[in-house]
Each structure stands twice: as C-alpha cells, then as structure tokens.
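The values are calculated or read from the model by the stated rules, or taken from the named source; none is laboratory data. Owing to the predicted nature of the structure, the values given are computational and were not obtained by experimental measurement. Positions of Cβ are backbone-derived with ideal geometry, glycine not excepted, and every protein chain shown enters the neighbour counts. For the accessible areas, the whole protein counts, side chains as well, though only heavy atoms, and no ligand, DNA or RNA atoms are used. Shrake-Rupley method; radii C 1.70, N 1.55, O 1.52, S 1.80 Å.
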Amino acid sequence: MASKPPMGDPVQDAPEVAGPKHAAAGLPAIGHTLRIAQQQMGVKRTALTLLRVNQKNGFDCPGCAWPEGDKRHTAEFCENGAKAVAEEATLRRVTPDFFAAHSVTDLATRSGYWLGQQGRLTHPMYLPEGADHYEPVTWDRAFDIIAEELNALASPDEALFYTSGRTSNEAAFLYQLFAREFGTNNLPDCSNMCHESSGSALTETIGIGKGSVLLEDLYKADLIVVAGQNPGTNHPRMLSALEKAKAGGAKIISVNPLPEAGLERFKNPQTPHGMLRGTALTDLFLQIRIGGDQALFRLLNKLILETEGAVDEEFVREHTHGYEEFAAAARDADWDETLAATGLTREQIEETLRMVLASKRTIVCWAMGLTQHKHSVPTIREVVNFLLLRGNIGRPGAGVCPVRGHSNVQGDRTMGIFERPAPAFLDALEKEFGFAPPRGHGYDVVRAIEAMRDDKAKVFFAMGGNFVSASPDTDATEAAMRRARLTVHVSTKLNRSHAVTGARALILPTLGRTERDLQVSGEQVVTVEDSMGMVHASRGRLKPASEHLLSEPAIVARLARRVLGEDSRTPWEEFEKDYATIRDRIARVVPGFEDFNARVARPGGFALPHAPRDERRFPTATGKANFTAAPVEYPELPAGRLLLQTLRSHDQYNTTIYGLDDRYRGIRNGRRVVLVNPEDAAELDLADGSYVDLVGEWKDGVERRAPGFRVVHYPTARGCAASYYPETNVLVPLDSTADISNTPASKSVVVRLEQSATD
Ligand SMILES: Nc1nc2c(c(=O)[nH]1)N[C@H]1C(S)=C(S)[C@@H](COP(=O)(O)OP(=O)(O)OC[C@H]3O[C@@H](n4cnc5c(=O)[nH]c(N)nc54)[C@H](O)[C@@H]3O)O[C@H]1N2
Ligand SMILES: Nc1nc2c(c(=O)[nH]1)N[C@H]1C(S)=C(S)[C@@H](COP(=O)(O)OP(=O)(O)OC[C@H]3O[C@@H](n4cnc5c(=O)[nH]c(N)nc54)[C@H](O)[C@@H]3O)O[C@H]1N2
Ligand SMILES: [Mo]
C-alpha cells in the first residue's frame, strides 16, 4: 500500500504570486463565493441555501464559531461561510461505484483537495482485512463489526473516540455518554490541537476555560487587541463586528508576524461605503516575531506597574491572588531582551502603552497564533495578567476573547467531550444514568497517536474530522493509524483518513448541518454553542445527500445499543426518536442548561452563565483570579534557520481545500509556497520563485522533509516563515507540544530551507 503522503498535483500546484492585498471582502469576495458555490450546487440551490445560513429558523453555519448578532433578517454575508456551506451542500456524490473504481491504494496517492472535491458520501462502506477496496455494507453489519472489535479489547482504554468540532450538542452528549458507559475517558478532540492552551491557561487563572466577552462588549470597548489571529479569512464576520466597534470609538492593535489584509481594511459588502472605500481597522500594527507575545505582554505589564495610577488597585485587592509574586517577576522584564524577542522597536511598544493606558475597557482576542507554541500557556496567562492589572475582566467592554475555530467545538467541550473530565461532571452523569463512569484521565490527540503506535490502543473511532491530516507528524501518525485493528469514520466527505486505515475500516456517512433530520417523532433540531457561550438551535432544510445517511445522534444511539446491549439502562432508542429527550438529560447534567428545551426554542437562544463575566466571581483553586509569574520564554533560532508557522490559506477549511488561491496574500493556483522575509531570503540566498525543501530540525534527529515549495518574498517578520497546513504537518514532531496543554507546536517549527533537487 502507498504510504507516502501525496504531493500537490504537480500540474495543478503551480503557484503564481502577485503580492499581498491591503483590504478584505468587497466585490471580489462575492464573485469568488458565487463561483465556488455554483460549481458545487448550481444556481438555484446556491440561492436557496445561502439564504438560510444563520437565520433564526435556519441552520448554524458550519464555518466558524463567531457569534451572530441580533439582526438576522438579512444574512450577514460571509465569503468563507458560504464556501463551507457549498462544500457540504454540493451535488457531487461518492457512491459505491466510486469505491469500486478507486482502490484504497489509489486514494492514498490523491491530494486532499482531490478527495474533498469528489462530493458527499452516500453509503456505509467497509474495508475488510487484506482488501484494497471498500465495499457497501448495511448499517447493522457495520455496527456488528464495531461491536465485535470493541468487545474483544482487553480493556475499554484500548479504544479511542475522537471528535471534530462540528458535532452538535445532542450528538456530543450521547457520544461521551456512550464512551463512558463503555468504560473509557479516551475522548481526544480537535480542541487538543486548537484552543487547549487557552482552556488550560484560563481555567487556572479565571476559573473557566472560555472567553469572558459577549458580542456587545466589543461595541463598548475602547481598545481591542487582536493577537495571533487572521479573522479576514477564518472569522470573516468578526470584521463587521470590528468595524462596528471602531464606529463606536474603539482602537485596534494587531499583533501578528504577517500584515493580514483583513485587519488592515475591511470593505463591508453590505454597505455602499464599504464597497467603495471600506474601513481601516488596525490603528497600530505590531509585526511581532513568532513566539514573542509573552515577552511583549510581560514588558507592557512592567510598564503599567511603573505608571502612577495605572493599576486598578481595588480590583487587584478584592478579586485577585498572586499579585506580589507576579509584580516582582514583571519588574524584571528587560527592554533589550523584549526588543530581541519581539523584533519590535521601543517606539512601537511606547505607543502601545499609550493606547493601553488611554483605554478604560480593553479586550484581547486571539486564536492559533497564540495557542500553538511550546510556551503558549504562559503566554496566554500573561495576557490574563495584562487584563487583570487594569481590572479588565468582568466589566462591560472588557475581557478575554479566545476566538474558537470549529462551529461547535466549544459546545462539544461543554457536553463532556474531554479526556480529563471534571469530577463534578462525572458525578452528575453517575447520578443521572446510574453507572460508574471511569475516573482516570484518557488520551488526548498526541497521546492517542502514541497509544496506537505502542499498540496500547486498537480501535479508533472518529466523530467527524480528518485525524491523519490534521494531526502533527504525518508519517508517524499514519504509521500509528495503520497499526490499529479497526478505524471508523463518521463523515460527510471523503478525506485522507479514509485511505490510511487500520486492518479493517468503516466509513459511516452522516447528515450535515444543512440537511433535514427526520426521526420517528418528526423533524429534529440540534443545538450549538458559539465562541461567546451563546446556545441556539440549528435546523437543516435541504434534502439529505442520500437516503442511506443516518444522523450523528442516531449513529451513536444504535452503536451504543449494539455494543452495550442489555448492560445499559440508558434509553438509547428514545434518544434517537426525539432529541428533546436528550436535551432533558443535558439539562439535568450540565450546569447552565436548566429548562433547556424551552429556552432554546426562543429565537436567538440563550447565554450560558460565566461567573467571572457575570459577577466577577472566579471559581479557581484560590477563589480569586490568579496572577501568574512564569519565566519569559521565546524561541531561539540556530543560525541559518527560520521559524516556520503552519497556517490557513483563504481557500481552505482546515484539511478541506476549497481552491488553490490565497487571495489576500496574493497567491494563486498553488499551495506549496513558503513565505520568507526578503532580507532573510537575501542572507540565505533564496531567490523569489526558486524551489526549496523544508527540512525540520528537532532534537530527536529524525529528518522531516516537505519537498518542493516555491519561495515567496513576503513582508513577514524577520526570522519567520509561513506555509500552509496540512501539507507541512509532516514537519511538526509529535513530541513538540505546548507545555501543560500538550497542543502541537505547529506555529513554531524550526526549519532549514534546502534547494530542491528538482529546481
Ligand atoms: N475559512 C476558514 N475558517 C476557519 C478555519 C479555516 O481553516 N478556514 N479554521 C477554523 C479553525 S478550527 C480555527 S482554530 C480558526 C483558526 O483561525 P486563525 O488562528 O486565524 O488561523 P491561522 O491561519 O492558523 O492563523 C494564525 C494567525 O496567527 C498569526 N501568528 C502565527 N504565529 C504567531 C505568533 O507567534 N504571534 C502572533 N501574535 N501571531 C502569530 C499568523 O500570522 C496568522 O495570522 O479558524 C476557524 N475558521
Ligand atoms: N500544522 C497544523 N496542524 C493543525 C492546525 C494548524 O494550524 N497547523 N490546526 C489544528 C486545528 S485548530 C484544528 S481544529 C484541527 C482540525 O482537525 P479536524 O477537525 O479533524 O479536521 P477538519 O479538516 O476540520 O475535518 C474535515 C472533515 O470533517 C468531516 N465533516 C465535515 N462536516 C461534518 C459533520 O457535520 N459531521 C461529521 N461527522 N463529519 C463532518 C468531513 O468528512 C471532512 O473531511 O487541525 C489542527 N491541525
Ligand atoms: Mo481549530
């Protein structure tokens, strides 16, 4: 069987480079969306479907987790939301004939783009041991196969139950319930690779691992810092919120190694002014070196401490713990060290301080640029220190705003998808369902891969996602997957995880958000939680892609009945018939969901309680908000090396590739590019347009190589480089992870660039 990850298709992948843009959205965004949507759905379906996104009676956009505003009578136009919808509502189909024509060996040579473009999965498919073709299988037989393998395990902890973040609250709740009744907390999820560092840092410091602001807080803020995030591509609706915040007088500081077009200027396609001129969003751009953020915030904290009257002393006295120790550490912050770590100038930091001191209400937003480094947890804790110093948590217009990725990743966690569940959650499950849930910690993503590698885990089950492409260290991950006895994927679309399998494999096709979910009791709604803790209903309207699809809750319910049999007293059948009965149970198990069915029926849904935001109460170990005083860290680069971040282009959704353009960065028709600062390129003798191999350097001495990348001279910070994920996941070592959160450090990969042999 082919084991090499596929290269980009050499004919298709021929990057053309025009230089970065300085504004996002506007007319080209609409044209681009309609083109992609109509290719997938045709004209009529495009119009009907796009009108339903994020409407009161419509479906939750399967794009990002950014909240919706109140005004939902006109769809808020979002290019990448529309692409996410088109990808799911496509009219293309992957049928049993397709699998008869394409062997698994063949599929393993195809690019992720090609696989995704084939369309929606229509039938449950089974790959028997030793076979090279998937064959159609009945649902009953599929559940039998899974039950056979699960019930043959020496321990329930030899099974892994992965979740990606599109799964609804109802499906997620059932799924974790099933895993725990089966007997394991092995519930790794995409969050382990995403905002785990935020969760770890926030739980310790403010007592809850979620952001503390609502949408209206953005409109009340004086200052919004956007650090390590590219909303123009990944959370486009956030740009309208930032525009509105600016209209209300807010200033914006962007902290990023790249000048991201969306943060420079936003051309709101909803307004005539927006279409013509747009709004400049960023007031101050801090072009930071990768990994320099902790040093930046530490120095700012020192400067705040040294400014007469700048500290909110009453807040610090009443609500915080650990101030003295933190202040002592902050006073040691060193200007020269900070300038070296950040690559910023003294003037820029002084200007930042002026803006910080002028603001009474400050919000810090962040995403993967802060979470995917070795020292991400201390970095985010330093952001918390920064906000606590001036009392910027638990008051309107202020707070922490980690901007989540997948549309229900936050809800999945709330429903108990977590390998280290809180004892109180398990107690509530035990009381409600009358079984003893396992208490030991399970495996996260990285540990799950290691467990398969070491033959400690033998069955891998995925509720969505594309585990082998999203995970780090592609070769190691794929080798680990191939050791499993059985790999199962509940999926909407074909992806590489279906082609890199255990001895046996199953593909279980499921409904997407956009589709009608009809059960015995009638049409069902599901619920989701956005990045700001708002819970609301989602109702699909489209006819399902095939009559053979089952919904995610139905798949879990049937699987649980088959695997657990008579041992389970849980009413799985009832849950499948009527999801309202699942919500009744959630209401009794998860705090904040009291009276769930009634409250979610209200238009717009409801906000989950958040003690620090609502009442300045901090449910931490000390009962206060905790200042912390970790030593400052930043990456140190050996000579002649660059620090590579692996990020998203404008035409992708994680491992799903919509197209080969990255419009705002001026790159077309190819993805194998590496962005390098022209001065670094001159020193390293790398001409624009030349081809290099990216070679990872890590302490284990293993050579990790991603061949054939076109060098693009690009205004990134010095010493830094950028390439797209997932092509570069081969370079991220499995054990290069963030301290504490164990999130792969996929934004700090030390590489050398070697001229390609083919150049
Ligand atoms: N269209 C679309 N939408 C998406 C996704 C998608 O793939 N496509 N993915 C979804 C998911 S799951 C997630 S988690 C989010 C991801 O949303 P983002 O976090 O915006 O995604 P990335 O492309 O990884 O961008 C990281 C940003 O951080 C910057 N950065 C990198 N390193 C550093 C650093 O050390 N310091 C600072 N200050 N900045 C740094 C990069 O230059 C880049 O601007 O988006 C979600 N929404
Ligand atoms: N190097 C590097 N690696 C990274 C990152 C990075 O920045 N750099 N980012 C990380 C982050 S933030 C994340 S969140 C992960 C993403 O990891 P995943 O969530 O595992 O990956 P996705 O690409 O979002 O998964 C796409 C697949 O999900 C399936 N799918 C889509 N919708 C549904 C649905 O409604 N139900 C079901 N059952 N399946 C569905 C489709 O089959 C599709 O092929 O990747 C991580 N990996
Ligand atoms: Mo994510």
**Prompt:** For the stretch 422-545, rounded, prolate or oblate, judged on the Cα gyration tensor with a ≥ b ≥ c (square roots of eigenvalues), a/c < 1.5 rounded, else prolate if a/b > b/c?
**Reply:** oblate
**Message:** Which residues does the label zone of residue 453 cover in the stretch 482-519, counting backbone N under 20 Å from a point 7 Å along Cα→Cβ?
**Reply:** 482-487, 497, 500-503
**Request:** Putting +1 on Lys and Arg Cβ atoms and -1 on Asp and Glu Cβ atoms, find which of 418, 281, 634 reaches farthest to the positive end of the dipole of the chain.
**Result:** 281
**Request:** State which entries of 624/747; 246/267; 267/360; 44/267; 210/456 exceed 21 angstrom in Cα-Cα distance in the structure shown.
**Result:** 624/747; 267/360; 44/267; 210/456
**residue 536 accessible area, 1.4 Å probe, all protein chains in place, Å² to nearest 10** = 10
**Fill in**
For the stretch 167-325, dividing by residue count, accessible area per residue (probe 1.4 Å) in Å² works out to 29
**Asked** If you average over every viewing direction, what projected area does the convex hull of the Cα atoms of the stretch 323-398 give, in nm²?
**Response** 5.9
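How large is the Rg to Rh ratio of the chain when both quantities use alpha carbon positions and Rh follows Kirkwood?
0.94
If you scale each eigenvalue of the Cα gyration tensor by 5 and take the root, what three semi-axes come out for the stretch 35-168, rounded to whole angstrom and sorted largest first?
In descending order the semi-axes read 35, 21, 13 Å.
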**Prompt:** Per residue, how much space in cubic angstrom lies within the convex hull of the C-alpha atoms of the stretch 638-755?
**Reply:** 108
**Asked** Which are the unpartnered cysteines of the chain, meaning those with no other cysteine Cβ under 4.7 Å from their Cβ?
**Response** 61, 64, 78, 190, 194, 720
**Message:** Let's test the formula: R0 of 30 Å, r as the Cβ-Cβ distance of residue 284 and residue 684. What FRET efficiency results, to the nearest 0.05?
**Reply:** 0.50
**Asked** Say each of residue 155 and residue 735 gets a label point 7 Å from the Cα, pointing the same way as Cα to Cβ; how far apart are those two points in nm?
**Response** 2.1
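Ranked highest first by the average count of other Cβ atoms within 10 Å around their residues, in what order do 304-310, 176-182 fall?
On the way: 304-310: 12.4, 176-182: 24.3.
Taking the mean over residues of other Cβ atoms within 10 Å, the ranking is 176-182, 304-310.
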**Complete:** Taking R0 as 41 Å and r as the Cβ-Cβ distance between residue 203 and residue 354, the FRET efficiency 1/(1 + (r/R0)^6), rounded to the nearest 0.05, comes to 0.80
**Complete:** Only helices counted: for the chain, with every DSSP H run of 4 or more residues adding -39500 (n - 2.57) and the sum spread over all residues, [θ] at 222 nm is -10000 deg cm²/dmol
**P(r), alpha carbons of the stretch 95-218 - 5 Å bins starting at zero, rounded %** = 2, 8, 11, 14, 17, 17, 12, 8, 6, 5, 2, 0
**Complete:** To the nearest 0.05, the calculated FRET efficiency linking residue 611 and residue 247 through their beta-carbon distance, R0 being 45 Å, is 0.90
**Message:** Please compute, over every Cα-Cα pair in the stretch 170-322, the percentage with a separation greater than 29 angstrom.
**Reply:** 35
**Fill in**
Checked the stretch 321-448 with the C-alpha gyration tensor, a ≥ b ≥ c its square-rooted eigenvalues, rounded below a/c of 1.5, otherwise prolate if a/b is larger than b/c and oblate if not; verdict prolate
**Complete:** Shape descriptors of the stretch 602-678 over alpha-carbon atoms, Rg and Dmax in angstrom, are 21.9, 59
**Prompt:** Accessible area of residue 562, 1.4 Å probe, to the nearest 10 Å²?
**Reply:** 110
**Message:** Probe radius 1.4 Å, ligands and nucleic acids left out: which of 366, 335, 114 has the largest accessible area, and how do the rest follow?
**Reply:** 114, 335, 366
**Asked** What percent of all Cα-Cα pairs in the stretch 227-313 falls in each 5 Å bin, counting up from 0?
**Response** 3, 13, 20, 19, 16, 12, 9, 5, 3, 0
**Message:** Starting from the 7 Å offset along Cα-to-Cβ, what nm value, one decimal, do you get for the label separation of residue 22 and residue 48?
**Reply:** 4.5
**the stretch 662-722 - Rg and Dmax from Cα coordinates, angstrom** = 12.3, 37
